[in-house]
Amino acid sequence: MTNDAELDYEVVVVGAGVAGIYQIKRLTDMGIKATVLEADPDLGGTWYNNRYPGARFDSESYTYGYSFSREVLNEWHWKEMFSGQPENLKYLNFVADKFNLREHMQFDCRVQSAVFDETNELWKIQVSDGRALTCRILILALGLLSQPTMPRIEGVENFKGRSWHTYGWPHEEVDLSDQRVGIIGTGATAIQVIGEIADKVGELTVFQRRPNWVAPLNNSEISAEQMEDIRERYDEIFETCARTPGGFEHEPDRRGFYEVTQEERYELWDRLYDESGFSIWLKNFREIFTDEEANAEVSAYIAERIRGRVDDPAIAEKLIPKDHGFGVQRVPMETGYLEAYNRGNVRLVDINETPLERITEKGIRTTEQEFEFDIIVYATGFDAITGSFDHIDIRGRDGLTLREKWFDNPTTFLGMMVSGFPNLLMPSGPQSGSASTNYPRGIENGVNWCTELLDYMSERDLKYLEATEDAEKRWTDHVVKMYSVMLMRKAQSWFTGYNSNVEGHEAGKVRYMVYNGGTPKYVASLNDVASNDYEGIRFTADTKDPSDVIAAG
Ligand code: NAP
């Protein structure tokens, strides 16, 4: 066993996004020698990178902030119900600076590999600046959507105009006036960009392969008086978030779908459609997620709303998804997205009818014509959740790589540990509760649990932890089973590991990426494990001596 003094750090956290910021706060509060390694030049993760016009979250801002500090809650004024990227990045900086967390962060440090050295029982981390660092515990706070993917289409490098993935939208102001812009993709990101820039560009051409169900965000400003009221209600707000499946204030309608009349269902939907945020998705009847007929009815309702907002009936039909029902994948919330197609300078190209052939020097060529652009925007999504793990060479016992282990499907214990990878923790890993909830609510649970686990070990002088194979199998089977009742399993989205641009992730194969049981059940599982002396985790004082098992679930 390595002497603590020989380690560079007791704990290394990878990633200075929403999860990494809170994790380092908890570790430094405990007096642990820890650091954060961040590939970007500054903190913020998602909110550092996604600077595209219209980028904002669709969690109510006051449910998105951290709940751990009363001071932060009292001092921060959210300006909008659904705050935009610049404000969100300011917020994360405010929190980090308030607690002097920057001094525990190292930027421009891309972790290239993390190898568990079984001889010396430590993690060896190779950083892009040439350094090799050691630590006992490795915490990967890599985010869910931090590995952008470009389309697999020829000629991307040939385009002579300006082009970028939305994740890499330039930091400086881009003057879009008079520009001919082409955008590939119609996911949540493109839907925000299109709604925001349609009236600012010269011409906008949208290349759509599969449409998404959308509903209005209905954003608004938050006045000083409203913010005062929110501050007084914070305890109540976080309590509500803790008992709802998605970690939002929105609670599902608990009346049975078939217990009420169709008229009553339509009354509910009329009301929810005009409410803000995810109301129409998450305050809906629970059957819409599991029952084909219920889902078909709500889908027909939303389709009518789309038809009511798009002038050209042929365009409206193209914007209505036919391959999946409303709400079975994450619903993009929009502001003026559908109305953008009523503008004379916006056109929709259905690439099922006229497939993309290649990117040319001047623009994009489909089977029908070449479109000329000044700017091409790739809103083509992410190699979600496991993608950022796959881009680091992570090796556990016997040289086993995480990439190999997860090639077919991720397997985890609680979404936070992997058997064969000692002393590795993931507060927001695949199959964790963070992936399918209001993210900060999820990661606070994850980070708190990881931190308490480290505290438990430290009190008992335990140096190593590892999920047992059996516990990992049980958790993964549980996650897989939950998918079997959800219509989500039939949809092609990052919740099922779909990405047409990543080998092995194309349509047709479900990867079990997220925990679908909702926040209360997930937290109950975490609490059960902790209160049973971390059943499912093997702790040792020395990994090389199997007889040295101190506690095993
Ligand atoms: P996405 O949902 O995966 O959408 C990617 C889009 O690009 C899809 O329309 C996809 O079409 C298209 N595409 C990909 N490769 C293509 C190709 N080779 N040719 C033509 N089209 C191609 O990615 P995203 O929009 O970035 O959103 C990802 C997630 O980020 C969301 O689900 C959400 O969780 C999160 N997000 C959140 C917010 C927010 O909080 N407000 C905002 C934006 C994003 P196919 O569907 O046919 O593959």
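Just so it is clear, none of the values below were taken in a lab; they were calculated from the coordinates. What you see is a predicted model, and the numbers here were worked out from it, not measured in a lab. Neighbour counts run over all protein chains shown; Cβ positions are idealised from the backbone, glycine included.
Quick notes on this one:
- Between Glu172 and Asp323, the simple spin-label model (points 7 angstrom out along Cα→Cβ) gives 3.9 nm.
- For the range 244-329, the calculated P(r), taken from all Cα-Cα distances in 5 Å bins from zero up to the bin holding the longest distance, is 3, 14, 24, 25, 19, 11, 4, 1 percent.
- Contour excess over end-to-end distance, with Cα ends at Asp311 and Glu353 and 0.36 nm allotted per residue: 13.0 nm
- Pairwise label distance in nanometres, Asn100 with Arg209, each label 7 Å out on the Cα-Cβ vector: 5.0
- Hull-based mean projected area of the range 268-409, where the convex hull spans the alpha carbons, in square nanometres: 13.2
- Filter on Lys463/Lys521; Lys25/Lys98; Lys25/Lys521; Lys124/Lys473; Lys200/Lys362 - keep pairs with C-alpha separation over 18 Å: Lys463/Lys521; Lys25/Lys521; Lys124/Lys473; Lys200/Lys362
- With neighbours defined as other Cβ atoms within 10 Å of a residue's Cβ, the residues Glu121, Glu459 order from fewest to most as Glu459, Glu121.
- The residue among Ala55, Ile194, Asn93 whose Cα reaches farthest toward the positive pole of the charge dipole of the chain, with charges on the beta-carbon of Lys, Arg, Asp and Glu, is Ile194.
- At an R0 of 25 angstrom, the distance between the Cβ atoms of Asp477 and Glu251 translates into a FRET efficiency of 0.30.
- Take the Cβ atoms of Arg131 and Asp4, set R0 to 25 Å, and the FRET efficiency comes out at 0.80.
- The range 1-108 - convex hull of the alpha-carbon atoms, volume per residue in Å³: 108
- Gain in span if fully extended, Glu339 to Arg271, counting 0.36 nm per residue against the direct Cα distance: 22.4 nm
- Considering only the chain, percent of DSSP beta bridges that pair antiparallel, nearest 5: 45
- On the beta carbon distance between Ser458 and Asp235, with R0 = 41 Å, the FRET formula returns roughly 0.85.
- Taking packing as the residue-averaged number of other Cβ atoms within 10 angstrom, the listed peptides 426-432, 9-15 run from highest to lowest as 426-432, 9-15.
- Each of Tyr378, Tyr483 has some number of other Cβ atoms within 10 Å of its Cβ, and from fewest to most they run Tyr483, Tyr378.
- Taking all Cα pairs closer than 8 Å and separated by 6 or more residues, the relative contact order of the chain comes to 18 percent.
- Of the residues Tyr64, Gly84, Phe207, the one whose Cα sits farthest towards the positive end of the charge dipole of the range 64-208 is Tyr64 (charges of +1 on Lys and Arg Cβ, -1 on Asp and Glu Cβ, taken about the Cα centre).
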